[in-house]
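In what follows, a structure is listed as structure tokens, so that the remarks can point back to it.
The values are calculated or read from the model by the stated rules, or taken from the named source; none is laboratory data. Just so we're clear, the structure is a prediction, and the values are computed from it rather than from any experiment. We place every Cβ from the backbone using ideal geometry, glycine too, and count neighbours over all the protein chains shown.
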Amino acid sequence: MHALLDLVFPPRCAGCDRPGSLLCDACAAEVRRIDPRAACVRCGAPVARPSGCAECRGRTFAFDSAYAATLLEHPVSRAVVLLKDGGERRYAGLLAGLLAERADGWVDPSCAIVPVPASPAAVRRRGFDHAVDLALTLGELRGMPTIRLLESSPVADQRSLGRQERFANRAGAFRLARPRGWEREAEVPARVVLVDDVLTTGATLDAAARVLRAAGVVEVRALVVARAMRADA
Ligand SMILES: [Zn+2]
Ligand SMILES: [Zn+2]
């Protein structure tokens with residue numbers, strides 16, 4: 001499918017806009033991975049210090065840990081924008097590759113991948129759910145089941161909100177979905193990897209993890225493509 005798409009709409013690099021690929025070799029080499037050994041295990045920020053992580057200090061999260069492949073910076077930030085706001089779905093594959101790389105070593109096949117669903121308004125606007133695309137591709141790459149265990153309810157757009165408001169806004173944003181083909185008595189998986197594109201305050205992932213915990217999920221890990229750091233950090 002992509003081969004035909006590439007022929008009709010040749011891909012351009014998210015970094016330098018040169019035609020030929022979604023991310024050219026030179027720009028791909030610029031992507032800085034977050035070193036897991038030097039990252040906060042709670043929120044994925046690359047700021048682990050003896051004094052603790054300034055990004056998540058004072059916060060409690062319903063997820064056990066968070067992992068981010070990269071920082072939200074060029075060229076990954078542009079790839080995310082092209083995927084979400086530019087309708088360029090081919091970036092789901094590229095970004096899922098970063099997720100798969102990051103998942104190595106700590107995700108095992110007994111975990112189920114669960115996408116954090118986008119809001120119904122965003123799905124209408126885009127025509128697809130970018131997090132579902134990322135999760136399904138990651139599942140294919142790693143041979144893990146992807147289950148659409150969460151549904152989104154309509155809430156205000158997060159992007160115009162401050163940090164505190166985001167937490168309040170996201171509470172109640174999700175509910176448990178019954179995936180197609182499941183019987184009522186089907187058991188929820190014990191261990192889940194929640195997948196999303198970006199972690200900013202953790203509010204969205206927290207709201208999603210809360211619903212999973214209430215449904216009986218024992219371990220919830222969050223895996224995101226990019227960690228957006230607070231401007232004042
Ligand atoms: Zn480039
Ligand atoms: Zn932290």
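The residues of the range 63-89 that are aliphatic (A, V, I, L, M), within 16 Å of ligand 1 (Cβ to nearest atom) and within 16 Å of Thr200 (Cα to Cα), listed by number, are Val76, Val80, Val81. State whether one or more residues within the range 127-136 are outside any helix (DSSP H, G or I), surrounded by fewer than 19 Cβ atoms within 10 Å (Cβ to Cβ), without any contact (Cβ under 8 Å) to a residue 40 or more places away in the chain and more than 16 Å from ligand 1 (Cβ to nearest atom). Yes, because at least one residue in the range 127-136 is outside any helix (DSSP H, G or I), surrounded by fewer than 19 Cβ atoms within 10 Å (Cβ to Cβ), without any contact (Cβ under 8 Å) to a residue 40 or more places away in the chain and more than 16 Å from ligand 1 (Cβ to nearest atom).
Residues that are touching a Cys at 6+ places or on another chain (Cβ under 7 Å) and more than 9 Å from ligand 1 (Cβ to nearest atom) within the range 23-62 comprise Cys40, Arg42, Cys43, Ala45, Val47, Ala48, Cys53, Glu55, Cys56, listed in sequence order. Of all residues in the range 63-84, those satisfying the criterion of being under 18 Å from Ala100 (Cα atoms) and aliphatic (A, V, I, L, M) are Ala66, Ala68, Ala69, Leu71, Leu72, Val76, Ala79, Val80, Leu83.
Hey, any hits in the range 110-126 for a residue that's within 16 Å of ligand 2 (Cβ to nearest atom) and in contact with a Phe, Trp or Tyr (Cβ under 8 Å, 6 or more places away or on another chain)? No, there is no match, as no residue in the range 110-126 is within 16 Å of ligand 2 (Cβ to nearest atom) and in contact with a Phe, Trp or Tyr (Cβ under 8 Å, 6 or more places away or on another chain). Out of the residues in the range 48-89 that are of a type in the set (Asp, Glu) and within 16 Å of ligand 2 (Cβ to nearest atom), state the one that is farthest from Arg210 (Cα to Cα). Ranking the candidates gives Glu55 first.
Just checking, how many residues over the range 19-45 are within 16 Å of ligand 2 (Cβ to nearest atom) and part of a loop (DSSP other than H, G, I, E, B)?
First, the residues of the range 19-45 that are within 16 Å of ligand 2 (Cβ to nearest atom): 34-45.
Next cut, part of a loop (DSSP other than H, G, I, E, B) only: 34-35, 39-45.
Qualifying residue count for the region: 9.
Scanning the range 162-203 for residues that are among the aromatic types (Phe, Trp, Tyr), modelled with pLDDT under 70 and not in a loop (DSSP other than H, G, I, E, B) yields one hit, Phe167. For the range 7-20, the set of residues classified as free of Cβ contacts under 8 Å to residues at least 40 places away in the same chain and either more than 8 Å from ligand 1 (Cβ to nearest atom) or aromatic (Phe, Trp, Tyr) (or both) consists of Leu7, Val8, Phe9, Pro10, Arg12, Pro19, Gly20, listed by residue number.
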